[in-house]
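As structure tokens, the structure follows; a few thoughts come after it.
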Amino acid sequence: MSAPIATIERPTVAVWKFASCDGCQLSLLSAEDELLAIAGEIHIAYFLEATREVSDGPYDISIVEGSITTPHDAERIRHVRAISDTLITIGACATAGGIQALRNFAEVEEYRSLVYARPDQIAALADSTAIAEHVPVDLELRGCPIETSQLVEVISALLAGRAPVTPTHSVCVECKLAGRVCVAVADGVPCLGPVTQAGCGARCPAFSRGCYGCFGPMETPNTTSMADHLADQLGLSHDEVAHLFRTFNADAPAFRSEARRRERAATATTEG
């Protein structure tokens, strides 16, 4: 991570959008009470979702939402990196390619011809990729969308010159701390909690639903064991297991490799 911010004036913050649904930016805007705690300590210099003010860089902190999907995106993120002291990526799109990364497992040209009346006018890369695959990133915040409290914690830490406190353990830890009954063990519900990074407060298991993996892989995910449990103990097919790993963080390396392993197993079973 970059060195602590030591400017006398209020640090400048820019918020950028790439290919995304705007959900993370909207989460930021809706957290008025949390933002008030740091609003007086920073200067929002660029945030088109929230203000018409546009101040030229460079910026002390750039917060980036969205994935890289076009050649223009790739060029633009390099410019953002060049004018930013600290670059923070937020949300599944920016950290793992997002739901649009499902196209990475198909033929883009086929979709382009089916969806657009003039496919020749569409400039798109073959893959939707995370920001970190194009430029150095100082910190990633997961989630679809992010938990705004984490972003407030990170900005507060930068202002104070300390390391931010963000979780790296699994969603299962959050369930245990809340005293909840495990939906996978008690009810046989498919749940990615054991391999998913905490941060949401185990929101889905709180309503007797399995974790969908919104925050992406935890620090040391045993996705093979997780997939074997889903198939052997809960009776899911190889294709069903692959589908569970291909949602909001489909292109996160741990989830991507496990889904592909299950696809190969499904093909072998069919051919056998």
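The values are calculated or read from the model by the stated rules, or taken from the named source; none is laboratory data. It should be emphasised that the depicted structure is a prediction, and the values quoted were computed from it without experimental measurement. Positions of Cβ are generated from backbone atoms using ideal geometry, with glycine treated the same way; all protein chains shown enter the neighbour counts.
Things worth noting here:
- Residue match in the range 97-114 (condition: of a type in the set (A, V, I, L, M, F, W, C) and in a loop (DSSP other than H, G, I, E, B)): yes
- Single match in A39, A96 (criterion: aliphatic (A, V, I, L, M) and touching a residue at least 40 places away in the same chain (Cβ under 8 Å)): A96
- D251 meets the stated requirement of being acidic (D, E), over 30 Å from P11 (Cα atoms) and part of a loop (DSSP other than H, G, I, E, B).
- Flag if G210 is touching a Ser or Thr at 6+ places or on another chain (Cβ under 8 Å), in a loop (DSSP other than H, G, I, E, B) and not polar (S, T, N, Q): no
- Exactly one residue out of A198, A202 is more than 19 Å from C93 (Cβ to Cβ), free of Cβ contacts under 8 Å to residues at least 40 places away in the same chain and within 14 Å of the chain's Cα centre (by Cα): that is A198.
Listed here are the residues, each with its yes/no results for (1) under 22 Å from C144 (Cα atoms); (2) under 17 Å from the mean Cα position of the chain (by Cα).
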position	(1), (2)
V165	yes, no
C182	no, no
R209	yes, no
F215	yes, yes
E219	yes, yes
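Residues are listed down the side, and each one gets a yes or a no for (1) in contact with a Cys (Cβ under 7 Å, 6 or more places away or on another chain); (2) among the polar types (S, T, N, Q); (3) closer than 26 Å to A227 by Cα; (4) modelled with pLDDT under 95:
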{"residue": "R112", "(1), (2), (3), (4)": "no, no, no, yes"}
{"residue": "P119", "(1), (2), (3), (4)": "no, no, no, yes"}
{"residue": "D127", "(1), (2), (3), (4)": "no, no, yes, yes"}
{"residue": "I131", "(1), (2), (3), (4)": "no, no, no, no"}
{"residue": "S149", "(1), (2), (3), (4)": "no, yes, no, yes"}
{"residue": "A160", "(1), (2), (3), (4)": "no, no, no, yes"}
{"residue": "T166", "(1), (2), (3), (4)": "no, yes, no, yes"}
{"residue": "A198", "(1), (2), (3), (4)": "no, no, yes, no"}
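- For first residues located in the range 164-192 and acidic (D, E), partners that are loosely packed, with under 12 Cβ neighbours inside 10 Å and lie 6+ apart or on another chain with Cβ distances below 8 Å do not occur.
- Qualifying residue in the range 152-166 (condition: part of a strand (DSSP E or B) and not assigned by TED's automatic domain parsing to the domain that holds L36): no
- Put simply, of R103, R112, R118 the only residue that is out of contact with any Lys or Arg (no Cβ under 7 Å at 6 or more places or on another chain), free of Cβ contacts under 8 Å to residues at least 40 places away in the same chain and under 22 Å from Y212 (Cα atoms) is R103.
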